[in-house]
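> Sharing a structure, written as structure tokens. Questions coming.
FYI, it's all coordinate maths here, none of it is from the lab. Nothing here was measured: the structure is a model prediction, and the numbers come from that model. Here the Cβ positions follow ideal geometry from the backbone for every residue, glycine too, while neighbour counts run over all protein chains shown.
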Amino acid sequence: MARNSEKANLLLNKWVAMKEEHARGGPRAAEERRPYLASLCASLPDAERWRRQLIGEISRHVADVQNAGLGEARLRDLNDQINKALREKSHWERQIKALGGPDHAAASARLFEGEGAELPGARGYRYFGAARDLPGVRELFAAAAAGAGGAGALRRGRADLSRALTPDYYGWRDEEGGSAGFLVEREAAREVLWRAEGGAEWDAGAGAARAGGGDGAGCGGGGGAQHDLAPPPPTAEQIAAMLLKRRQAILMERYCGGESK
């Protein structure tokens, strides 16, 4: 009886010690609880340890998801946990790089690449093991492989669409003929028409100006359209005479005005 009570007290003491250590945040608590955000970890060794822990969890889940007898709900849950752990692992890899550690992104991208498969249009989410044979998922993979229309059809991203564009889409070959050659032809025809109309208007204006210069009444009584023509510019002799008259007026106002006072 005494021996049983001693065992119970020993276990109770161990449990109390573990609880106190966990409350203080000791080493055991640090091993059990992974930070919710990778950015909260400022230690490179701890970040490496959490990454290794995630890789171990992913490996175990990938091994478990191969069993098709677990049921649909369990397989979907395991597949979701694997994808969540993969995203968290990428966060820890970025944090390791930010802390000055090695860049694991290039190597880890190929770590579970052969285990999972992505559906077209669902980038970032992979199906592992027996999860690829779940109802609904199997049909999506079959439709994507066959290239059929509908929900499982292959969706082209923005980068694929950009690569398929040609210079004709931007109109860089409009002047080279081809499908846009009719634009050049129409522009040439319109240019000829505009030149003919402009020449006719110019000839009519020049004729009216000559008629107005020969006879002042001819412009108004010729029966044609009247044109308001600007007066001709003054010649150099006229400008010199105007300046001379202006200077004379200033001198007369300055000196003659002073004498009168």
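> Would you mind getting me the FRET efficiency between R87 and D160? Use the beta-carbon distance for r and R0 = 25 Å, nearest 0.05.
Working: r = 24 Å, r/R0 = 0.98.
Once rounded, the FRET efficiency stands at 0.55.
> Next question, about the same structure. Can you tell me the length gained on complete extension of the stretch E237 to E191, counting 0.36 nm per residue apart and subtracting the Cα distance? Each step should come with its number before you reach the end.
Details: separation 46, 0.36 × 46 = 16.56 nm, distance 4.34 nm.
Full extension from E237 to E191 adds 12.2 nm.
> Let me ask something additional. Sorted by packing (mean other beta-carbon atoms within 10 Å per residue), highest first, where do 193-199, 37-43 land? Please report the intermediate quantities before stating the final value.
Working: 193-199: 10.0, 37-43: 12.3.
Descending mean neighbour count gives 37-43, 193-199.
> Now for a separate question. So who's got an amide H within less than 5 Å of the one on G116, skipping anything under 5 residues away but keeping other chains? H placed 1.01 Å off N, in plane.
Here nothing satisfies the definition.
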